[in-house]
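One structure below.
The values are calculated or read from the model by the stated rules, or taken from the named source; none is laboratory data. Please read all numbers here as calculations on a predicted model, not as lab measurements. For neighbour counting, all protein chains shown are included, and Cβ atoms are generated from backbone atoms with ideal geometry for every residue, glycine included.
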Amino acid sequence: MTVSVARKGRPGEARSTRPEPLPPGLMRMGAVLALGPVLALLDTTIVNVGIDAVTRELHSSVAAVQWVVTGYLLAISLTMPLSGWAAGRFGARRAWLASVVLFVLGSALCGLAWSTGSLIAFRVLQGVGGGMIQPLGQAIMVQAAGPSRIGRVMGTLLLPISLAPVLGPILGGLVLEHLDWRWMFLLNVPVGLVTVLLAARWLPAAEPSELPAPRLDVTGLALLSPGLTALVYGLATIGAAGEGGEGSAVGRVAVAAGAALLVAYGWHALRAGRRDGRAPLIDLRLFARRGFAVATANSFLQGAVLYSSMFLVPLYYQQLEHTGAVAAGLLLAPQALGTAVTSLLSGRIADRVAPRPLILLGIGCSLLGTLAFTQLGRGSGPADWLVVGSLVLRGVGMGVMVIPGMAAVYGSVDRAQVPAAAGAVNVLNRLGGALGTAVLTLVLQHAQAARPDRPAAAFGTTFWWVLALSALSIAPALLYPGTARRAA
(Lines give C-alpha, C1' and ligand atoms only; values in the text may rest on other atoms or scores of the structure.)
Protein backbone atom coordinates (compact mmCIF):
# COMPACT_ATOMS: atom_id res chain seq x y z
CA MET A 1 0.00 0.00 0.00
CA THR A 2 1.45 3.33 -0.98
CA VAL A 3 1.83 6.27 1.32
CA SER A 4 1.22 8.81 -1.42
CA VAL A 5 -0.40 8.88 -4.80
CA ALA A 6 2.26 9.62 -7.37
CA ARG A 7 0.93 10.62 -10.78
CA LYS A 8 3.12 10.10 -13.82
CA GLY A 9 3.28 13.08 -16.13
CA ARG A 10 5.39 14.86 -18.66
CA PRO A 11 9.06 15.49 -17.90
CA GLY A 12 9.45 18.39 -15.53
CA GLU A 13 5.84 18.16 -14.32
CA ALA A 14 5.46 18.14 -10.53
CA ARG A 15 4.44 14.85 -9.02
CA SER A 16 1.62 14.77 -6.51
CA THR A 17 2.62 13.86 -2.97
CA ARG A 18 -0.83 14.15 -1.51
CA PRO A 19 -1.56 11.25 0.85
CA GLU A 20 -4.00 8.60 -0.12
CA PRO A 21 -7.47 9.63 1.22
CA LEU A 22 -8.97 7.61 4.04
CA PRO A 23 -11.98 5.52 2.93
CA PRO A 24 -15.34 6.58 4.46
CA GLY A 25 -15.81 3.07 5.87
CA LEU A 26 -12.52 3.35 7.77
CA MET A 27 -13.54 6.71 9.21
CA ARG A 28 -16.92 5.32 10.32
CA MET A 29 -15.13 2.44 11.98
CA GLY A 30 -12.79 4.86 13.74
CA ALA A 31 -15.69 6.99 14.99
CA VAL A 32 -17.39 3.94 16.51
CA LEU A 33 -14.19 2.60 18.09
CA ALA A 34 -13.43 6.04 19.59
CA LEU A 35 -16.75 5.98 21.48
CA GLY A 36 -15.55 3.10 23.67
CA PRO A 37 -12.50 4.76 25.28
CA VAL A 38 -14.35 8.09 25.40
CA LEU A 39 -17.06 6.41 27.51
CA ALA A 40 -14.46 4.95 29.86
CA LEU A 41 -12.53 8.24 30.21
CA LEU A 42 -15.67 10.30 30.74
CA ASP A 43 -16.82 7.86 33.40
CA THR A 44 -13.50 8.08 35.25
CA THR A 45 -13.41 11.88 35.37
CA ILE A 46 -17.11 12.21 36.19
CA VAL A 47 -16.81 9.81 39.14
CA ASN A 48 -13.76 11.66 40.49
CA VAL A 49 -15.89 14.82 40.72
CA GLY A 50 -18.78 12.97 42.39
CA ILE A 51 -16.95 11.12 45.18
CA ASP A 52 -18.08 13.60 47.81
CA ALA A 53 -21.75 13.26 46.79
CA VAL A 54 -21.53 9.45 46.88
CA THR A 55 -19.97 9.60 50.36
CA ARG A 56 -22.87 11.69 51.69
CA GLU A 57 -25.70 9.78 50.00
CA LEU A 58 -24.45 6.32 51.00
CA HIS A 59 -23.49 7.49 54.54
CA SER A 60 -20.00 6.15 54.07
CA SER A 61 -16.45 7.31 54.71
CA VAL A 62 -14.07 8.80 52.17
CA ALA A 63 -11.64 5.92 52.79
CA ALA A 64 -14.32 3.37 51.86
CA VAL A 65 -15.75 5.27 48.90
CA GLN A 66 -12.25 5.82 47.52
CA TRP A 67 -12.39 2.14 46.54
CA VAL A 68 -15.03 3.13 43.98
CA VAL A 69 -12.13 4.70 42.05
CA THR A 70 -9.34 2.34 43.13
CA GLY A 71 -11.33 -0.85 42.47
CA TYR A 72 -12.10 0.34 38.94
CA LEU A 73 -8.43 1.07 38.22
CA LEU A 74 -7.32 -2.27 39.66
CA ALA A 75 -9.88 -4.13 37.54
CA ILE A 76 -8.52 -2.40 34.43
CA SER A 77 -4.98 -3.45 35.40
CA LEU A 78 -6.21 -7.00 35.91
CA THR A 79 -7.92 -7.40 32.52
CA MET A 80 -5.88 -5.24 30.13
CA PRO A 81 -3.16 -7.92 29.64
CA LEU A 82 -5.89 -10.32 28.44
CA SER A 83 -6.65 -8.24 25.32
CA GLY A 84 -4.15 -10.04 23.07
CA TRP A 85 -5.39 -13.48 24.06
CA ALA A 86 -9.07 -12.45 23.80
CA ALA A 87 -8.52 -11.10 20.26
CA GLY A 88 -6.90 -14.36 19.18
CA ARG A 89 -9.40 -16.60 20.91
CA PHE A 90 -12.70 -14.87 20.09
CA GLY A 91 -11.74 -12.30 17.44
CA ALA A 92 -10.97 -8.64 18.17
CA ARG A 93 -14.42 -7.44 17.01
CA ARG A 94 -16.35 -9.89 19.17
CA ALA A 95 -14.10 -9.29 22.20
CA TRP A 96 -14.44 -5.49 21.82
CA LEU A 97 -18.24 -5.72 21.64
CA ALA A 98 -18.30 -7.97 24.72
CA SER A 99 -16.11 -5.48 26.61
CA VAL A 100 -18.43 -2.56 25.80
CA VAL A 101 -21.51 -4.60 26.78
CA LEU A 102 -19.87 -5.54 30.08
CA PHE A 103 -18.97 -1.90 30.72
CA VAL A 104 -22.56 -0.79 30.03
CA LEU A 105 -23.94 -3.55 32.27
CA GLY A 106 -21.59 -2.46 35.05
CA SER A 107 -22.69 1.16 34.58
CA ALA A 108 -26.37 0.24 34.88
CA LEU A 109 -25.71 -1.78 38.04
CA CYS A 110 -23.64 1.08 39.54
CA GLY A 111 -26.65 3.34 39.04
CA LEU A 112 -28.78 0.84 40.98
CA ALA A 113 -26.26 0.26 43.79
CA TRP A 114 -27.78 0.19 47.29
CA SER A 115 -24.60 0.37 49.38
CA THR A 116 -20.92 1.25 49.22
CA GLY A 117 -19.99 -2.44 48.93
CA SER A 118 -22.35 -3.07 46.03
CA LEU A 119 -21.14 0.07 44.24
CA ILE A 120 -17.52 -1.03 44.57
CA ALA A 121 -18.36 -4.50 43.26
CA PHE A 122 -20.20 -3.09 40.24
CA ARG A 123 -17.35 -0.65 39.56
CA VAL A 124 -14.99 -3.64 39.44
CA LEU A 125 -17.31 -5.22 36.86
CA GLN A 126 -17.21 -1.96 34.93
CA GLY A 127 -13.41 -2.00 35.01
CA VAL A 128 -13.28 -5.60 33.76
CA GLY A 129 -15.16 -4.43 30.66
CA GLY A 130 -13.33 -1.11 30.36
CA GLY A 131 -9.83 -2.62 30.59
CA MET A 132 -9.86 -4.15 27.12
CA ILE A 133 -11.82 -1.49 25.21
CA GLN A 134 -8.88 0.72 24.26
CA PRO A 135 -6.23 -1.91 23.33
CA LEU A 136 -8.73 -3.98 21.35
CA GLY A 137 -10.03 -0.88 19.55
CA GLN A 138 -6.50 0.17 18.65
CA ALA A 139 -5.73 -3.33 17.35
CA ILE A 140 -8.84 -3.34 15.12
CA MET A 141 -8.03 0.08 13.68
CA VAL A 142 -4.35 -0.65 13.06
CA GLN A 143 -5.12 -3.91 11.29
CA ALA A 144 -7.81 -2.24 9.17
CA ALA A 145 -5.76 0.87 8.31
CA GLY A 146 -2.50 -0.79 7.30
CA PRO A 147 1.00 0.59 7.94
CA SER A 148 0.74 3.56 5.56
CA ARG A 149 -2.31 5.11 7.27
CA ILE A 150 -1.69 4.44 10.97
CA GLY A 151 -0.73 8.03 11.77
CA ARG A 152 -3.76 9.70 10.20
CA VAL A 153 -6.19 7.15 11.62
CA MET A 154 -4.76 7.39 15.15
CA GLY A 155 -4.65 11.18 14.94
CA THR A 156 -8.36 11.22 14.14
CA LEU A 157 -9.13 8.81 16.99
CA LEU A 158 -7.15 10.83 19.52
CA LEU A 159 -9.26 13.97 18.98
CA PRO A 160 -12.36 12.88 20.98
CA ILE A 161 -10.23 10.91 23.45
CA SER A 162 -8.19 14.05 24.23
CA LEU A 163 -11.31 16.08 24.96
CA ALA A 164 -12.93 13.49 27.26
CA PRO A 165 -10.94 14.45 30.42
CA VAL A 166 -12.11 18.06 29.94
CA LEU A 167 -15.76 17.25 29.30
CA GLY A 168 -15.90 14.82 32.25
CA PRO A 169 -15.68 17.43 35.06
CA ILE A 170 -18.17 19.69 33.25
CA LEU A 171 -20.67 16.88 32.74
CA GLY A 172 -20.11 15.64 36.28
CA GLY A 173 -20.75 19.08 37.69
CA LEU A 174 -23.97 19.44 35.70
CA VAL A 175 -25.18 16.00 36.79
CA LEU A 176 -24.48 16.67 40.46
CA GLU A 177 -26.12 20.09 40.26
CA HIS A 178 -29.36 19.01 38.57
CA LEU A 179 -29.63 15.20 38.97
CA ASP A 180 -28.89 12.42 41.43
CA TRP A 181 -25.32 11.02 41.61
CA ARG A 182 -26.60 7.74 40.11
CA TRP A 183 -26.91 9.48 36.76
CA MET A 184 -23.11 9.69 36.62
CA PHE A 185 -23.32 5.99 35.74
CA LEU A 186 -26.75 5.74 34.12
CA LEU A 187 -25.78 8.23 31.39
CA ASN A 188 -23.37 5.59 30.07
CA VAL A 189 -26.20 3.17 29.32
CA PRO A 190 -27.92 4.84 26.32
CA VAL A 191 -24.60 6.00 24.83
CA GLY A 192 -23.13 2.53 25.30
CA LEU A 193 -26.12 0.84 23.68
CA VAL A 194 -25.89 3.17 20.66
CA THR A 195 -22.17 2.34 20.45
CA VAL A 196 -22.92 -1.40 20.41
CA LEU A 197 -25.58 -1.02 17.71
CA LEU A 198 -23.31 1.10 15.50
CA ALA A 199 -20.41 -1.30 16.04
CA ALA A 200 -22.55 -4.30 15.08
CA ARG A 201 -23.35 -2.53 11.81
CA TRP A 202 -20.08 -0.81 10.89
CA LEU A 203 -17.31 -3.02 12.29
CA PRO A 204 -16.33 -5.61 9.70
CA ALA A 205 -16.54 -9.28 10.55
CA ALA A 206 -13.24 -10.86 11.49
CA GLU A 207 -11.34 -12.61 8.74
CA PRO A 208 -10.98 -16.36 9.29
CA SER A 209 -7.58 -17.24 10.72
CA GLU A 210 -5.50 -20.20 9.63
CA LEU A 211 -3.85 -20.32 13.05
CA PRO A 212 -5.39 -22.35 15.87
CA ALA A 213 -7.12 -20.35 18.59
CA PRO A 214 -4.62 -19.65 21.38
CA ARG A 215 -5.12 -21.32 24.72
CA LEU A 216 -5.18 -19.13 27.80
CA ASP A 217 -1.82 -18.81 29.52
CA VAL A 218 -3.17 -19.63 32.98
CA THR A 219 0.23 -19.48 34.68
CA GLY A 220 0.96 -16.11 33.09
CA LEU A 221 -2.47 -14.83 34.11
CA ALA A 222 -1.88 -15.94 37.70
CA LEU A 223 1.40 -14.00 37.75
CA LEU A 224 0.97 -10.97 35.50
CA SER A 225 -2.50 -9.64 36.36
CA PRO A 226 -2.14 -9.92 40.18
CA GLY A 227 1.40 -8.54 39.86
CA LEU A 228 0.22 -5.47 37.97
CA THR A 229 -2.75 -5.06 40.31
CA ALA A 230 -0.57 -5.26 43.44
CA LEU A 231 1.96 -2.86 41.96
CA VAL A 232 -0.67 -0.26 40.96
CA TYR A 233 -2.44 -0.62 44.31
CA GLY A 234 0.83 -0.30 46.23
CA LEU A 235 1.93 2.79 44.32
CA ALA A 236 -1.49 4.42 44.77
CA THR A 237 -1.49 3.59 48.50
CA ILE A 238 2.02 4.96 49.07
CA GLY A 239 1.12 8.13 47.19
CA ALA A 240 -2.03 8.63 49.24
CA ALA A 241 -0.48 7.74 52.61
CA GLY A 242 2.81 9.61 52.35
CA GLU A 243 6.11 8.43 53.76
CA GLY A 244 4.91 7.21 57.12
CA GLY A 245 2.05 5.37 58.71
CA GLU A 246 0.32 2.06 58.24
CA GLY A 247 -0.90 2.84 54.71
CA SER A 248 2.65 3.44 53.53
CA ALA A 249 3.81 0.11 54.99
CA VAL A 250 0.94 -1.75 53.29
CA GLY A 251 1.79 0.00 50.03
CA ARG A 252 5.43 -1.07 50.22
CA VAL A 253 4.45 -4.67 50.85
CA ALA A 254 2.09 -4.56 47.86
CA VAL A 255 4.79 -3.03 45.62
CA ALA A 256 7.29 -5.70 46.69
CA ALA A 257 4.78 -8.50 46.10
CA GLY A 258 3.79 -7.04 42.71
CA ALA A 259 7.43 -6.69 41.64
CA ALA A 260 8.14 -10.30 42.65
CA LEU A 261 5.15 -11.56 40.66
CA LEU A 262 6.21 -9.55 37.60
CA VAL A 263 9.75 -10.93 37.78
CA ALA A 264 8.29 -14.42 37.98
CA TYR A 265 6.10 -13.64 34.98
CA GLY A 266 9.15 -12.46 33.02
CA TRP A 267 10.91 -15.76 33.72
CA HIS A 268 7.78 -17.69 32.71
CA ALA A 269 7.12 -15.65 29.54
CA LEU A 270 10.66 -16.08 28.23
CA ARG A 271 10.44 -19.85 28.73
CA ALA A 272 6.89 -20.27 27.43
CA GLY A 273 6.77 -22.26 24.21
CA ARG A 274 4.20 -21.98 21.48
CA ARG A 275 4.01 -25.67 20.63
CA ASP A 276 1.15 -26.24 23.06
CA GLY A 277 -0.69 -23.13 21.88
CA ARG A 278 -0.12 -21.27 25.15
CA ALA A 279 1.45 -18.03 23.99
CA PRO A 280 2.31 -15.67 26.90
CA LEU A 281 -0.21 -12.93 27.65
CA ILE A 282 2.45 -10.33 26.82
CA ASP A 283 5.22 -11.71 24.65
CA LEU A 284 8.45 -10.26 26.03
CA ARG A 285 10.24 -11.25 22.85
CA LEU A 286 8.56 -8.27 21.21
CA PHE A 287 10.93 -6.07 23.20
CA ALA A 288 13.86 -7.57 21.31
CA ARG A 289 12.68 -5.45 18.38
CA ARG A 290 14.34 -2.07 18.64
CA GLY A 291 11.39 -0.09 17.32
CA PHE A 292 8.95 -1.70 19.73
CA ALA A 293 11.24 -1.40 22.76
CA VAL A 294 12.02 2.27 22.09
CA ALA A 295 8.38 3.21 21.48
CA THR A 296 7.07 1.42 24.58
CA ALA A 297 9.79 3.00 26.74
CA ASN A 298 8.65 6.40 25.51
CA SER A 299 5.01 5.46 26.14
CA PHE A 300 5.89 4.51 29.74
CA LEU A 301 7.59 7.86 30.38
CA GLN A 302 4.83 9.79 28.62
CA GLY A 303 2.29 8.10 30.90
CA ALA A 304 4.32 9.11 33.95
CA VAL A 305 4.49 12.76 32.82
CA LEU A 306 0.90 13.06 31.58
CA TYR A 307 -1.01 11.43 34.45
CA SER A 308 1.12 12.98 37.19
CA SER A 309 0.73 16.50 35.79
CA MET A 310 -3.03 15.98 35.33
CA PHE A 311 -3.05 15.24 39.07
CA LEU A 312 -0.76 18.09 40.15
CA VAL A 313 -2.23 21.05 38.23
CA PRO A 314 -5.82 20.77 39.56
CA LEU A 315 -4.50 19.93 43.04
CA TYR A 316 -2.45 23.13 43.16
CA TYR A 317 -5.44 25.31 42.25
CA GLN A 318 -7.75 23.46 44.65
CA GLN A 319 -5.39 23.62 47.64
CA LEU A 320 -3.78 27.04 47.18
CA GLU A 321 -6.20 29.01 44.99
CA HIS A 322 -9.33 27.40 46.55
CA THR A 323 -10.76 26.58 43.13
CA GLY A 324 -13.76 24.25 42.93
CA ALA A 325 -13.39 20.71 41.58
CA VAL A 326 -15.12 21.43 38.27
CA ALA A 327 -13.20 24.67 37.67
CA ALA A 328 -9.93 22.93 38.58
CA GLY A 329 -10.67 20.21 36.06
CA LEU A 330 -11.37 22.85 33.42
CA LEU A 331 -7.85 24.18 33.90
CA LEU A 332 -6.68 21.17 31.90
CA ALA A 333 -8.79 22.27 28.93
CA PRO A 334 -5.97 24.25 27.22
CA GLN A 335 -3.68 21.20 27.43
CA ALA A 336 -6.37 18.88 26.03
CA LEU A 337 -7.18 21.30 23.20
CA GLY A 338 -3.50 21.57 22.30
CA THR A 339 -3.26 17.77 22.16
CA ALA A 340 -6.44 17.40 20.12
CA VAL A 341 -5.46 19.94 17.45
CA THR A 342 -1.87 18.80 16.99
CA SER A 343 -2.79 15.10 17.00
CA LEU A 344 -4.69 15.67 13.75
CA LEU A 345 -1.72 17.45 12.19
CA SER A 346 0.92 15.03 13.49
CA GLY A 347 -1.20 12.11 12.33
CA ARG A 348 -1.01 13.40 8.75
CA ILE A 349 2.73 14.05 9.02
CA ALA A 350 3.64 10.84 10.87
CA ASP A 351 2.79 8.66 7.87
CA ARG A 352 5.41 10.46 5.76
CA VAL A 353 8.08 11.76 8.17
CA ALA A 354 10.55 9.86 10.34
CA PRO A 355 9.46 9.62 13.98
CA ARG A 356 12.67 10.90 15.62
CA PRO A 357 12.37 14.61 14.75
CA LEU A 358 8.66 14.65 15.61
CA ILE A 359 9.21 12.95 18.98
CA LEU A 360 12.08 15.31 19.86
CA LEU A 361 9.98 18.32 18.84
CA GLY A 362 7.16 17.12 21.09
CA ILE A 363 9.53 16.61 24.03
CA GLY A 364 10.94 20.11 23.51
CA CYS A 365 7.43 21.62 23.60
CA SER A 366 6.61 19.63 26.74
CA LEU A 367 9.79 20.85 28.46
CA LEU A 368 9.10 24.49 27.60
CA GLY A 369 5.49 24.13 28.73
CA THR A 370 6.61 22.79 32.12
CA LEU A 371 9.11 25.56 32.92
CA ALA A 372 6.46 28.06 34.07
CA PHE A 373 5.17 25.63 36.71
CA THR A 374 8.65 25.22 38.20
CA GLN A 375 8.40 28.90 39.18
CA LEU A 376 5.42 28.36 41.48
CA GLY A 377 6.23 29.85 44.88
CA ARG A 378 8.75 32.32 43.50
CA GLY A 379 7.35 35.81 44.06
CA SER A 380 3.82 36.14 42.75
CA GLY A 381 4.16 33.08 40.51
CA PRO A 382 3.51 32.90 36.76
CA ALA A 383 0.79 35.08 35.28
CA ASP A 384 -2.49 33.49 34.23
CA TRP A 385 -1.77 34.00 30.53
CA LEU A 386 1.58 32.24 30.96
CA VAL A 387 -0.07 29.28 32.72
CA VAL A 388 -2.63 28.92 29.92
CA GLY A 389 0.05 29.25 27.25
CA SER A 390 2.23 26.69 29.02
CA LEU A 391 -0.64 24.20 29.23
CA VAL A 392 -1.34 24.65 25.52
CA LEU A 393 2.35 24.08 24.77
CA ARG A 394 2.39 20.93 26.91
CA GLY A 395 -0.67 19.69 25.04
CA VAL A 396 0.96 20.46 21.70
CA GLY A 397 4.01 18.48 22.75
CA MET A 398 1.90 15.51 23.78
CA GLY A 399 -0.06 15.57 20.53
CA VAL A 400 3.14 15.67 18.49
CA MET A 401 4.68 12.76 20.43
CA VAL A 402 1.82 10.30 20.81
CA ILE A 403 0.93 9.56 17.17
CA PRO A 404 4.46 8.89 15.83
CA GLY A 405 5.11 6.76 18.91
CA MET A 406 2.00 4.65 18.33
CA ALA A 407 2.83 4.33 14.63
CA ALA A 408 6.32 3.12 15.60
CA VAL A 409 4.88 0.53 17.99
CA TYR A 410 2.49 -0.99 15.48
CA GLY A 411 4.83 -0.58 12.53
CA SER A 412 7.46 -2.70 14.28
CA VAL A 413 5.32 -5.85 14.62
CA ASP A 414 3.58 -8.23 12.24
CA ARG A 415 -0.14 -7.86 11.63
CA ALA A 416 -0.93 -10.95 13.74
CA GLN A 417 1.04 -9.48 16.67
CA VAL A 418 -0.88 -6.17 16.74
CA PRO A 419 -3.38 -7.21 19.51
CA ALA A 420 -0.53 -8.38 21.77
CA ALA A 421 1.43 -5.20 21.05
CA ALA A 422 -1.64 -3.05 21.85
CA GLY A 423 -2.04 -4.78 25.21
CA ALA A 424 1.64 -4.35 26.08
CA VAL A 425 1.90 -0.65 25.21
CA ASN A 426 -1.34 0.24 27.03
CA VAL A 427 -0.28 -1.68 30.15
CA LEU A 428 3.08 0.10 30.25
CA ASN A 429 1.49 3.50 29.65
CA ARG A 430 -0.92 3.04 32.59
CA LEU A 431 1.85 1.60 34.75
CA GLY A 432 3.99 4.65 33.99
CA GLY A 433 1.06 6.85 35.00
CA ALA A 434 0.63 5.04 38.31
CA LEU A 435 4.36 5.09 39.07
CA GLY A 436 4.80 8.74 38.08
CA THR A 437 1.80 9.90 40.12
CA ALA A 438 2.92 7.95 43.22
CA VAL A 439 6.53 9.19 43.04
CA LEU A 440 5.56 12.82 42.47
CA THR A 441 2.96 12.67 45.26
CA LEU A 442 5.73 11.58 47.63
CA VAL A 443 7.99 14.37 46.34
CA LEU A 444 5.22 16.92 46.91
CA GLN A 445 4.49 15.69 50.43
CA HIS A 446 8.17 15.71 51.34
CA ALA A 447 8.57 19.26 50.00
CA GLN A 448 5.46 20.42 51.88
CA ALA A 449 6.77 18.90 55.12
CA ALA A 450 10.19 20.53 54.65
CA ARG A 451 8.76 24.02 54.06
CA PRO A 452 5.24 24.20 55.54
CA ASP A 453 5.37 28.00 55.33
CA ARG A 454 5.79 27.91 51.51
CA PRO A 455 3.22 25.47 50.11
CA ALA A 456 3.38 26.94 46.58
CA ALA A 457 7.14 26.39 46.46
CA ALA A 458 6.53 22.69 47.17
CA PHE A 459 4.57 22.46 43.91
CA GLY A 460 7.36 24.31 42.09
CA THR A 461 9.89 21.78 43.38
CA THR A 462 7.66 18.90 42.29
CA PHE A 463 7.37 20.30 38.77
CA TRP A 464 11.16 20.27 38.51
CA TRP A 465 10.78 16.49 38.84
CA VAL A 466 8.15 16.54 36.09
CA LEU A 467 10.66 18.43 33.96
CA ALA A 468 13.31 15.80 34.70
CA LEU A 469 10.91 12.99 33.69
CA SER A 470 10.21 14.78 30.41
CA ALA A 471 13.94 15.24 29.78
CA LEU A 472 14.53 11.55 30.52
CA SER A 473 12.37 10.62 27.54
CA ILE A 474 14.97 12.21 25.22
CA ALA A 475 17.21 9.13 25.62
CA PRO A 476 14.85 6.59 24.00
CA ALA A 477 13.64 9.23 21.52
CA LEU A 478 17.16 9.47 20.06
CA LEU A 479 16.94 5.77 19.15
CA TYR A 480 13.92 6.23 16.87
CA PRO A 481 14.62 6.02 13.12
CA GLY A 482 15.88 9.32 11.72
CA THR A 483 14.78 8.70 8.16
CA ALA A 484 11.32 7.90 6.86
CA ARG A 485 10.63 4.34 5.84
CA ARG A 486 9.56 4.06 2.25
CA ALA A 487 6.34 2.18 1.79
CA ALA A 488 6.18 -0.42 -0.91
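Descriptive notes on the structure:
- Number of residues in segment 111-127 that are in contact (Cβ under 8 Å) with a residue 12 or more places away in the chain and either aromatic (F, W, Y) or not assigned by TED's automatic domain parsing to the domain that holds W183 (or both) equals 1.
- Scanning segment 419-443 for residues that are hydrophobic (A, V, I, L, M, F, W, C) and under 19 Å from G220 (Cβ atoms) yields a total of 8.
- Qualifying residue in segment 385-398 (condition: within 21 Å of F463 (Cβ to Cβ), buried (at least 23 other Cβ atoms within 10 Å of the Cβ) and touching a Pro at 6+ places or on another chain (Cβ under 6 Å)): yes
- Here L82 meets each of (1) modelled with pLDDT of 85 or more; (2) surrounded by fewer than 20 Cβ atoms within 10 Å (Cβ to Cβ) with one exception, condition (2).
- Meets criteria (under 27 Å from R415 (Cβ atoms), of a type outside the set (S, T, Y), surrounded by 21 or more Cβ atoms within 10 Å (Cβ to Cβ) and out of contact with any His (no Cβ under 6 Å at 6 or more places or on another chain)) for V49: no
- Filter pass, L136 being in contact (Cβ under 8 Å) with a residue 12 or more places away in the chain, in a helix (DSSP H, G or I) and either of a type in the set (S, T, N, Q) or within 18 Å of G88 (Cα to Cα) (or both): yes
- Helices (runs of 4 or more DSSP H) lying entirely in segment 323-417 (those with 2 or more residues that are within 23 Å of the chain's Cα centre (by Cα), at pLDDT 80 or above and not assigned by TED's automatic domain parsing to the domain that holds I150): 333-350, 355-371, 384-411
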